[in-house]
């Protein structure tokens with residue numbers, strides 16, 4: 001299984017390197033369109049390789065998707081935490097009631113009854 005994972009990672013790396021080499025021409029990224037930039041006299045730009053823009057878009061999209069999914073699943077995590085607290089409370093109550101049931105009896109028989 002480990003070798004399959006390494007093969008998939010290697011294939012993914014080859015694809016990323018191929019995309020990077022095919023899209024290494026420089027592009028200009030601008031904050032605002034030219035017309036609006038001329039109007040407000042503010043239009044910073046940055047020259048970067050095209051593959052950087054592609055990979056940055058993919059990474060930002062994945063991060064946004066993970067964040068929205070984490071927020072969407074909040075109710076499920078909250079419900080699981082509530083159920084876990086309730087289960088621990090019931091286990092403590094069960095232990096307390098079991099101890100009360102065997103109070104005043106032989107300790108060995110009470111221990112055997114607890115385990116069985």
Extension gain from residue 11 to residue 46, taking 0.36 nm per residue of separation minus the Cα-Cα distance | 9.5 nm
Stretched out fully, how many nm does the piece from residue 18 to residue 69 gain, at 0.36 nm a residue minus the Cα gap?
-> 15.3 nm
Could you tell me which label, among (i) 16.2; (ii) 7.5; (iii) 6.2, carries the value of mean projected area of the Cα convex hull in nm² calculated for this structure?
-> (i)
So, in nm, how far is label residue 1 from label residue 95 when the simple model puts each one 7 Å beyond its Cα toward the Cβ?
-> 3.3
Gain on full stretching of the segment that runs from residue 34 to residue 112 - 0.36 nm per residue minus C-alpha separation | 19.8 nm
With axes computed from alpha carbons, what is the tilt in degrees of helix 74-101 against the longest principal axis of the chain, rounded to the nearest 10 within 0 to 90?
-> 10
Any idea what the relative contact order of the range 1-51 is, in percent, if you count C-alpha pairs under 8 Å spaced at least 6 apart?
-> 38
Per DSSP H run of at least 4 residues, take -39500 (n - 2.57); add these up for the chain, divide by its residues and hand me the 222 nm value, nearest 500 deg cm²/dmol.
-> -25500 deg cm²/dmol
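None of the figures in this text is laboratory data; all of them are computed from the coordinates on show. As the structure is a computational prediction, the values presented were derived from the model and not from experiment. Cβ coordinates were reconstructed from backbone atoms using ideal geometry, including for glycine residues, and neighbour counts include every protein chain displayed.
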